[in-house]
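Notes for the one structure printed next.
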Amino acid sequence: MKSVLDYNVKRVMKRNIDLEFITREKTIVVTGDKVLISEAIENLVDNALVHAGPQLSHISIEAAIAGSEAQITIRDDGKGIADKDKTRAFDRFLQIEPGTGSGLGLSIVQAIVKHHGGRVVIAPAEKGTSVCLFLPLGGRFKKW
C-alpha cells in the first residue's frame, strides 16, 4: 500500500487533491502478487484522477478486515459512474466516456482480483465513485 501512496502523492498534490489512507487495522495480510495487487489499486486511483472530473478534490484508500476478507475501498468525490453503466463498467475495451485510455483499466482490476480469489464491486456512493476490492485473508493465490 505504501508504494501506491508514494507514487500518487506528487500526482495529487500538483492538482490540489487530498489523498487519504484510512485503516483501523494494525496489519492485514493477503497472500498474493504485491505488484499485481498494487497495480489494481493504482488503476483505481488513476481512474479517479482521469475520469472523476474537475470537481474531484478528495481520494481515499481504506483498508479493513471484513470477515474472512481484506476490503480495500477506493473512493473519490468526483462525478461518479451512472447506475446504468455500473454493470458493464468491467467489460474489456469499454470506455464509458470517450478518452485517451484503452478501456481496459477496470477489466484489469477485475482480472487481478479474481486471480487472487477475490471480487470487485462498484459500491453505492452518495457522491463520486466507491470501488471495493475483496481479497481473501491468507489468499488462494496461484502464480500465473
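The values are calculated or read from the model by the stated rules, or taken from the named source; none is laboratory data. These numbers come from a predicted model, not from an experiment. Reconstructed Cβ throughout: ideal geometry from the backbone, glycine too, with neighbour counts over all protein chains shown.
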Hey, can you tell me all the residues within the stretch 12-45 that are within 16 Å of the chain's Cα centre (by Cα), over 26 Å from His115 (Cβ atoms) and assigned to a helix (DSSP H, G or I)?
Val12
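Scan the stretch 100-119 and give yes if some residue there is among the polar types (S, T, N, Q), surrounded by 14 or more Cβ atoms within 10 Å (Cβ to Cβ), part of a helix (DSSP H, G or I) and modelled with pLDDT of 95 or more, otherwise no.
Kept after step one, since they are among the polar types (S, T, N, Q), are these residues of the stretch 100-119: 100, 102, 107, 110.
Adding the requirement that they be surrounded by 14 or more Cβ atoms within 10 Å (Cβ to Cβ) leaves 107, 110.
This time we only want the ones that are part of a helix (DSSP H, G or I), so: 107, 110.
Restricting the remaining residues to those that are modelled with pLDDT of 95 or more gives 110.
Yes, the stretch 100-119 contains at least one residue that is among the polar types (S, T, N, Q), surrounded by 14 or more Cβ atoms within 10 Å (Cβ to Cβ), part of a helix (DSSP H, G or I) and modelled with pLDDT of 95 or more.
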What are the residue pairs meeting all of these: first residue in the stretch 16-35, first residue among the basic types (Lys, Arg), second residue at pLDDT 90 or above, Cβ atoms under 7 Å, and 6 or more apart or on different chains?
Arg24/Ala64
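Out of everything in the stretch 46-63 that is part of a loop (DSSP other than H, G, I, E, B) and not aliphatic (A, V, I, L, M), what residue ends up being farthest from Arg75 (Cα to Cα)? Full working, then the answer.
The first filter runs over the stretch 46-63 and keeps only residues part of a loop (DSSP other than H, G, I, E, B), leaving 52-57.
Imposing the further condition that a residue be not aliphatic (A, V, I, L, M) reduces the set to 53-55, 57.
Details: Gly53: 14, Pro54: 16, Gln55: 14, Ser57: 11 Å.
Once the filter is applied, the top-ranked residue is Pro54.
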Residues of the stretch 79-95 being modelled with pLDDT of 85 or more and either touching a helix residue (DSSP H, G or I) at 6+ places or on another chain (Cβ under 7 Å) or buried (at least 16 other Cβ atoms within 10 Å of the Cβ) (or both), which ones?
Lys79, Gly80, Ile81
